[in-house]
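Take a look at the structure below.
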Amino acid sequence: MKKHVTDYLVVACLALLSPAALAQTKEPPVPVRTVAPDYPDELRREGVSGLVTVKCTIDEKGDVVDPQVEKSSNAAFERPAIAALKKWKFKPAKQDGAPVATKVSIPIKFVFES
């Protein structure tokens, strides 16, 4: 039996900040702690990869607030993506040197490699 190796890649692409957020924020939020999502067993066995884009607010403390699925390639990836993102911590965005809340879209990528 061929052994499959599963690797999930978490991508925090803050370049997806909306133009309005970039205009208001001189310094974007930066992830300082990320947590990889749990790969659903069934999708891992089937060799399915996917992408979930989550929109949320990074508050003044660097916490993820109100994460919601913006789009998803497979609904089974949505819950693990949000659960992992809730554990992330950011250096908050800053405007004029002061921490500010900002809205971001973060893609969470699930990659299956055999």
query = Checking residue 29 against (1) more than 23 Å from residue 91 (Cβ to Cβ); (2) in contact with a helix residue (DSSP H, G or I) (Cβ under 7 Å, 6 or more places away or on another chain), which test does it fail?
reply = (1)
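Does residue 59 meet the test of being among the charged types (D, E, K, R), surrounded by 17 or more Cβ atoms within 10 Å (Cβ to Cβ) and either within 15 Å of residue 30 (Cβ to Cβ) or in contact with a helix residue (DSSP H, G or I) (Cβ under 7 Å, 6 or more places away or on another chain) (or both)?
Details: among the charged types (D, E, K, R): yes; surrounded by 17 or more Cβ atoms within 10 Å (Cβ to Cβ): yes; either within 15 Å of residue 30 (Cβ to Cβ) or in contact with a helix residue (DSSP H, G or I) (Cβ under 7 Å, 6 or more places away or on another chain) (or both): yes.
It is true that residue 59 is among the charged types (D, E, K, R), surrounded by 17 or more Cβ atoms within 10 Å (Cβ to Cβ) and either within 15 Å of residue 30 (Cβ to Cβ) or in contact with a helix residue (DSSP H, G or I) (Cβ under 7 Å, 6 or more places away or on another chain) (or both).
Considering only residues that are of a type in the set (S, T, N, Q) and not in a helix (DSSP H, G or I), look in region 24-42 and name the one that is surrounded by the fewest Cβ atoms within 10 Å (Cβ to Cβ).
Top of the filtered list is 34.
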ask   = If we keep just the residues of region 43-79 that are assigned to a strand (DSSP E or B) and among the small types (Gly, Ala, Ser), which is farthest from residue 102 (Cα to Cα)?
value = 50
remark   = Flagged pairs (Cβ under 6 angstrom, 6 or more apart or on separate chains; first in region 63-75, surrounded by 14 or more Cβ atoms within 10 Å (Cβ to Cβ) and at pLDDT 95 or above; second in a strand (DSSP E or B) and among the small types (Gly, Ala, Ser)) are 70/105; 73/50; 74/50
task = Could you check residue 84 against (1) in contact (Cβ under 8 Å) with a residue 60 or more places away in the chain; (2) part of a strand (DSSP E or B) and say which number it fails?
result = (2)
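Please specify each residue of region 41-72 satisfying the condition of being closer than 15 Å to residue 106 by Cβ and small (Gly, Ala, Ser). Explain how you work it out, then say what you get.
In the first step, residues of region 41-72 are kept if they are closer than 15 Å to residue 106 by Cβ; the result is 50-59, 62-72.
Answer for region 41-72, where residues must be closer than 15 Å to residue 106 by Cβ and small (Gly, Ala, Ser): 50, 62, 72.
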key: Single residue of region 1-35 satisfying the filter (touching a Phe, Trp or Tyr at 6+ places or on another chain (Cβ under 7 Å) and farther than 18 Å from residue 62 by Cα) that is modelled with the lowest pLDDT   = 6
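The values are calculated or read from the model by the stated rules, or taken from the named source; none is laboratory data. This is a predicted model, so every value here is computed, not measured. Note that we place each Cβ from the backbone using ideal geometry, even for glycine, and neighbour counts take in every protein chain shown.
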